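Asks: Supplied in structure tokens, the structure appears directly below.
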Amino acid sequence: MPLSEYEQRMLQQMEQQLRSDDPRLASALADKPRTDVRRLSLGVLLFLLGLGGLVGGVATGWVWLGVLGFLAMLGGVMLAISGPRGAAGKRSRAKKPGGPGAPTSGSFMQRQEDRWNKRNEERGR
């Protein structure tokens with residue numbers, strides 16, 4: 001069921017408000033994660049080497065080779081699915097302007113509540 005014109009306008013206004021209130025959050029939500037082909041290929045290669053070591057360890061009876069192969073497989077999977085090293089740290093260490101608890105020109109939730117009340121008043125008429 002498509003949105004009505006009014007709902008589409010409201011959604012666009014909310015998106016614009018989000019972009020103006022918190023541009024970093026809006027850009028983080030808009031950015032699509034990029035696949036790091038190098039990490040993925042190294043992870044797959046390490047996984048295949050580990051699989052070979054695991055099979056070789058089982059075939060020869062060398063337990064240490066099987067365990068080493070398993071650990072290499074695990075490391076390969078972790079390498080393939082992990083993101084860039086500095087991405088999580090950069091986001092968590094980013095400072096907010098004005099610091100925490102800085103006064104704003106009306107909180108986001110307050111503005112949404114005002115819009116909700118205004119909409120209900122318009123429907124009641």
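Asks: Within segment 47-61, how many residues are assigned to a helix (DSSP H, G or I), of a type in the set (Gly, Ala, Ser) and either under 8 Å from Ala72 (Cα atoms) or out of contact with any Gly (no Cβ under 8 Å at 6 or more places or on another chain) (or both)?
Replies: 2
Asks: Quick check: is even one residue across segment 30-38 touching a residue at least 24 places away in the same chain (Cβ under 8 Å) and in a loop (DSSP other than H, G, I, E, B)?
Replies: Looking through segment 30-38, at least one residue is touching a residue at least 24 places away in the same chain (Cβ under 8 Å) and in a loop (DSSP other than H, G, I, E, B).
Asks: Checking Ala28 against (1) loosely packed, with under 14 Cβ neighbours inside 10 Å; (2) touching a helix residue (DSSP H, G or I) at 6+ places or on another chain (Cβ under 8 Å); (3) at pLDDT 90 or above, which single condition isn't satisfied?
Replies: So Ala28 meets the others, but not (3).
Asks: Filter segment 38-87 for residues that are surrounded by fewer than 13 Cβ atoms within 10 Å (Cβ to Cβ) and over 18 Å from the mean Cα position of the chain (by Cα) and give the result.
Replies: Arg38, Ser41, Ala59, Thr60, Gly61, Val63, Trp64
Asks: So, one more: Within segment 112-125, does at least one residue satisfy the condition of being modelled with pLDDT under 70 and either loosely packed, with under 10 Cβ neighbours inside 10 Å or not hydroxyl-bearing (Ser, Thr, Tyr) (or both)?
Replies: yes
The values are calculated or read from the model by the stated rules, or taken from the named source; none is laboratory data. The model shown is predicted, which means the values in this text are computed figures rather than measured ones. Please note: Cβ atoms are built from the backbone with ideal geometry, for glycine as well, and neighbour counts cover all protein chains shown.
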